[in-house]
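Where a number appears in this text, it was derived from the coordinates with a stated rule and is not lab data. None of the values given here were measured: they were computed from a predicted structure. Don't worry about glycine lacking a Cβ; one is built from the backbone with ideal geometry, like all the others, and counts go over all protein chains shown.
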Amino acid sequence: MILDAEVATPPQPTKNPLPAAVSNLTTIKTVEKKLKHEHELLQTLIDTIPVMVTVYDPNLQRFSLNREVQRVLGWTEQDLYDGDPMKTFYPDPAEREAAQKFMATLESGWRTFKVTAKDGGTVESSWANIRLSDDTQVGIGIDITERKRAEADLKKARDNLEETVRERTGQ
């Protein structure tokens, strides 16, 4: 909470209101320093965490992207200002509609979407959304492309092993 910079009026008349003003100013400076530190902490986390973070308006028209979104998907905020961000991320109408619904309703939990990268490829990612007190919304995403690929490889290897076992045992 930021304090007003007004001079505190002591309950009893005094000849010198300076001590109260200095005390109030010291409190304000302390609070400002703490707020600056908290802002720096949060901004550093958002900028460096290996998780995609998007901040967007409820109408899904304005997006802010952290560095991980830009690294994984290749899109910049400027790219999104030049068109419809949802069409950019989800050119497939059915996928776009599902993503818009998920983002608008703020369903709890995680949901997987195929997001289009700037290079034309798709990135399979899992997303969760939250709403802040001013109605700003935040999407939190994890690139699960490699995990899905590893799961598919594991399933293929398991299927091959089961087939080999059947062939050798005659079952």
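Things to note:
- Extent along the principal axes, Cα only, for the chain: 103, 40, 27 Å, with the longest axis given first.
- Candidates Asn66, Asn129, Asn24, ranked by Gaussian network fluctuation over the chain, Cα under 10 Å, top entry: Asn24
- Contact order normalised by residue count of the chain, Cα under 8 Å, 6+ apart, percent: 17
- Contour excess over end-to-end distance, with Cα ends at Leu25 and Gln78 and 0.36 nm allotted per residue: 15.0 nm
- Phi-derived couplings, Karplus 6.51 cos²θ - 1.76 cosθ + 1.60 at θ = phi - 60°, listed residue by residue for the range 37-44: 5, 4, 4, 4, 4, 5, 5, 5 Hz, with x used for Gly and Pro.
- Calculated from backbone phi, Karplus (6.51, -1.76, 1.60) coupling profile of the range 128-141 in Hz, x at Gly/Pro: 10, 10, 9, 10, 8, 4, 8, 6, 5, 10, 10, x, 10, x
- Couplings 3J(HN,Hα) of the range 66-77, computed from phi: 7, 4, 5, 4, 5, 5, 6, 9, x, 7, 10, 4 Hz, in residue order, whole Hz [Karplus 6.51 cos²θ - 1.76 cosθ + 1.60, θ = phi - 60°; x for Gly and Pro].
- Over all projection directions, the Cα-based convex hull of the range 103-171 averages an area of 7.3 nm².
- FRET efficiency for Thr164 and Asp134, using Cβ-Cβ distance with R0 set to 41 Å, rounded to 0.05: 0.10
- Cβ-Cβ FRET estimate between Val51 and Ala157, R0 fixed at 45 Å, reported to 0.05: 0.95
- Amide H contacts under 5 Å for Ala117, placed H, 5+ residues apart: Thr122, Val123
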